[in-house]
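Notes follow the structure.
Read the figures in this text as sums done on the coordinates, not as results from a lab. All figures in this text were calculated on a predicted structure; none of them were measured in a lab. Glycine gets a Cβ as well: all are built from the backbone with ideal geometry, and neighbour counts include every protein chain shown.
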């Protein structure tokens, strides 16, 4: 309650709710795993296969990078709403609608991070020395086995670096998240949404602390990504 000091009413600082931080970490972790699983497969298809409509698929996968977050959020609301076929299937399987849940925040984080991961992962996989893949095929290895035992081990450094970048990007999504997951304290309020809410409510102390936390986390992840990407130093000649 307010405390009077020399005739001035001073309100004590409201304790910071750390739930948005833990929720954001969980959402970013799940989104990163999903993007790595599906994004790597899509990047492999785009880098190693030729098929009809390939340019169209590439354009569709890149589209979230140029569309406003509100447009992407609207698409998710339409496709995952209760009246849509995918929305009804989700509600039947899980007993609740997808929209305005923390699972919707995972979908938003995937849309926010997947396009840049797929584009970069495609380049990483294209740069794998194809002679090793051909050698594996000539020895009788299937394409699936070659992918797991040759392509991925050779591309692990670049893909691991992109995974850190993907996690950082998932951690900071705001526009899509607030449209499809909302701003429900203790349920769907992620870190970026909590910062917006703190600024809107005039809680400058909480806003500053949360901004510093997410900035430090993003900087640490970018530093990790750069360290992983950096090639190991060659030993100097004697």
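How do 74, 130, 44 line up, fewest other C-beta atoms within 10 Å first? Numbers along the way, then the final one.
Working: 74 15, 130 11, 44 20.
Fewest to most other Cβ atoms nearby, the residues stand as 130, 74, 44.
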Evaluate the distance, in nm, between pseudo-label points positioned 7 Å from the Cα of residue 154 and of residue 25 along their respective Cα→Cβ axes.
3.8
Rounded to 10°, Cα long-axis angle of helix 204-229 versus longest principal axis of the chain
10
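For the stretch 129-238, what is the convex hull volume of its Cα atoms per residue in Å³?
Values: hull volume 17.6 nm³, N = 110.
It comes to 160 Å³ per residue, whole-number rounded.
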Kindly put 48, 137, 205, 112 in sequence by how many other C-beta atoms sit within 10 Å of each C-beta, fewest to most.
205, 137, 48, 112
Which of 210, 21, 219 moves most in a GNM of the chain, Cα contacts under 10 Å?
219
Helix 85-94 sits off the longest principal axis of the Cα atoms of the chain, rounded to the nearest 10 on a 0 to 90 degree scale, by 80
Measuring from the longest principal axis of the C-alpha atoms of the chain, the long axis of helix 54-66 (C-alpha) lies at a number of degrees, nearest 10, equal to 20
Give the order of 166, 41 when sorted by the count of other beta carbons within 10 angstrom, beginning with the fewest.
41, 166
At 222 nm, what helix-only mean residue ellipticity would the chain give, in deg cm²/dmol to the nearest 500, using -39500 (n - 2.57) for each DSSP H run of four or more?
-22500 deg cm²/dmol
Expected-Rg normalisation [2.2 N^0.38 Å, Cα atoms] applied to the stretch 98-139
1.92
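Tell me, what does the Kirkwood hydrodynamic radius of the stretch 15-228 come to in angstroms if you use every pair of distinct C-alpha atoms? Walk me through the numbers on the way to the answer.
On the way: mean 1/r = 0.0534 Å⁻¹.
In the stretch 15-228 this quantity evaluates to 18.7 Å.
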Percent relative contact order of the chain, based on C-alpha pairs within less than 8 angstrom and at least six residues apart?
27
